[in-house]
Every structure is written in C-alpha cells, then in structure tokens.
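Since the structure comes first, as structure tokens, the remarks are kept for the end.
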Amino acid sequence: MQEYTTKKTYRIYADIGLLIVALIWGATFPVVKIALDNLSPFAFNTIRFTISLLLFLPILKLLHTKLDAKVLKVGLKIGFFVFLGYTFQTVGLEYTTATNAGFITSIYVVLTPIIAFLIYKTPFGLKDVVSTFLAFLGLFLLSGYNGFNVGDILILICAVTFATEIAMISHYSKINNPTILAFMQIVAVALFSAPVSLLTTTKFNINQDVINALIITAVFATVIAKFMQNWLQKYTMPSDAAVIFSMEGVFAHLFAILMLNEVLNFNQYVGAALVVLAVILVSVR
C-alpha cells in the first residue's frame, strides 16, 4: 500500500513537472515573435543554440559521456531536420500569429506516424488516419477558411520536419546514446544557422525583449525542459504525458493573449480544440 502511494505521489509530481515543461514551450512562441522585431531569425537561432550548446557541455562531462564518431554523424543527420524545423518555425513566426504557430507546430505529433511509415515502414493504423483528418480540419478552421497564409505554411513545414526528427530519434536512439544525439542536434542547429545568419541578418538589436527570449528559449525551453521531460516521463503514464504535451498550443495562445492581445473567433477555437484532440488521440497508445 505504501509503495502504491509513493508511486502515485511521484506520478502527480511528474505530471505537474511536465505541465511546467508544456507551459515553457508554449511561452516561447510569443516571446520569440516579439524578439524578431529586433533580431533576424537565423541570428536569433544561432545565438540561442550556441548558448544551449555551451550549457550542455558541462552536463556531458558530468555524465562522463564519450563522443563517438558514428553517433556524432547520426546526431548531425537528425540535427539537420531540427535546424530546418526551427528555421521554418522562427521565420514563420514573422508572418503568422503566435497562437497559430503554437497549434500548427503541435501537429508534428500527428504527422510523426506518417513520416515513420514512409521512412521506416512502421505500422500505420486507422487512429493515425483519423487524427490526421481531425488535425487538418482544425487547421482549416484556424485559418479562417481563407487558406493558409505564408506564415502558416512555413509553420506547417516546420511540423513536418519536427515529425521527421522524432521518427529518426525513435529509430536511432535504440542503438545510439540519446544524450549525445540530443547534444548533436543542438550543435547542428547552431552550426547550420551561423553561416546563413551572416548572409541574412538585417536586424541585430540586442534589447531586453531579445535577452528575455534567449533566456527562455536557450536555457529553459532547450536545456532545462528537455532534461525535465526525459527524467519525469519515467514516473508517469504515457497517456498523461500525451495529454499534458497537447497543452503546448493552449499555453501558446494564453501567453499570446497576455503579451500580444491575440484573440480567436468561435470557429477558430473549434479548430484549435480539434488540433488538441488529434494530438491526444494519436499520442495515447
């Protein structure tokens, strides 16, 4: 009885911790959108992931992690898709709302089974088909029936690349050190973003908004949240984690209301609800 109570307590604390992770991820959308008024997208990503990289180094040393050439190569390959994901997301945020960006990004969960089937022939079920239909119906309602604007399309491409990343991680993490894979993904985004930023940076004003965004994204959303996720998910149920992470888009909207005065009409709220439902449905297995 005592063991059951202890496990239940751990599960409650883990769920609260994962909810904080979802909240942090949701908060990144409006703060990055605000920061982009002063800093170009590739410059922002270069600085963000360089900071994360430097913070990650002592963690690797603490864990006595050895860098293997094969794992480094795999990590860079996955990291290229992470780079594409954050590129399309950050650029897309300049042309769409933080709310739309949050909800559209979250459908990477729905798209992952499709990508995994296309690349690795992973079984693809009816529930995945239904979830995909619900997600795109939700996106149609979110768009206001006028078709996706350029920002929405870029964020949708971001979701596809993140889905590819997740499918690749699921495949490669079984045979490679996941800590090194995570580190190399961060390295890849910084590495690939840096030369592009030299060619595309037109805004480089480091003010308090930019500093706040860099702290939230580099420190909290990239390093701390990822470690919290990997540690806490051991103590909770996959269904709990799925429902909690589906709240990322909801938190993005709540922060967008507070920080950017973004509002949705009734149909858009229905669309957002369908996206969240699709994410929950495909995640609970």
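Here the mean projected area of the convex hull built on the C-alpha positions of the chain is 16.3 nm².
With a Förster radius of 25 Å applied to the beta-carbon distance between Q229 and L198, the computed FRET efficiency rounds to 0.15.
Ligands, DNA and RNA left out, the 1.4 Å accessible surface of region 37-113 is 70% carbon and sulfur atoms. One decimal place: the segment L260-T9 gains 86.6 nm when fully extended, by the rule 0.36 nm per residue minus the C-alpha distance. Dividing the summed helix terms, -39500 (n - 2.57) for each DSSP H run of n ≥ 4, by the number of residues in the chain produces a 222 nm estimate of -25500 deg cm²/dmol to the nearest 500. Applied to region 148-154, the Karplus parametrisation 6.51 cos²θ - 1.76 cosθ + 1.60 on θ = phi - 60° returns per-residue 3J(HN,Hα) values of 5, 7, 4, x, 4, 5, 5 Hz, with x for Gly and Pro. Looking at this model, which pairs from K127/K226; K66/K234; K127/K234; K77/K226; K66/K226; K7/K66 are more than 22 angstrom apart at the alpha-carbon? The pairs that break the limit, which is 22 Å between Cα atoms, are K127/K226; K66/K234; K127/K234; K7/K66.
In terms of the mean number of neighbouring beta-carbon atoms within 10 Å, the peptides 27-34, 241-248 order highest first as 27-34, 241-248.
How many angstrom lie between the Cα centre of region 209-283 and the Cα centre of region 64-126? Region 209-283 and region 64-126 have Cα centres spaced 16 Å from each other. Each other residue within a Cβ distance under 14 Å of P41 adds +1 if Lys or Arg and -1 if Asp or Glu, for a net charge of +1.
The values are calculated or read from the model by the stated rules, or taken from the named source; none is laboratory data. As the structure is a prediction and not an experimental result, all values here were calculated from the model. In this analysis, Cβ positions are derived from the backbone assuming ideal geometry, glycine residues included, and neighbour counts consider all displayed protein chains. These area figures cover heavy atoms from the full protein model, side chains too; ligands, DNA and RNA do not enter into them. Shrake-Rupley method; radii C 1.70, N 1.55, O 1.52, S 1.80 Å.
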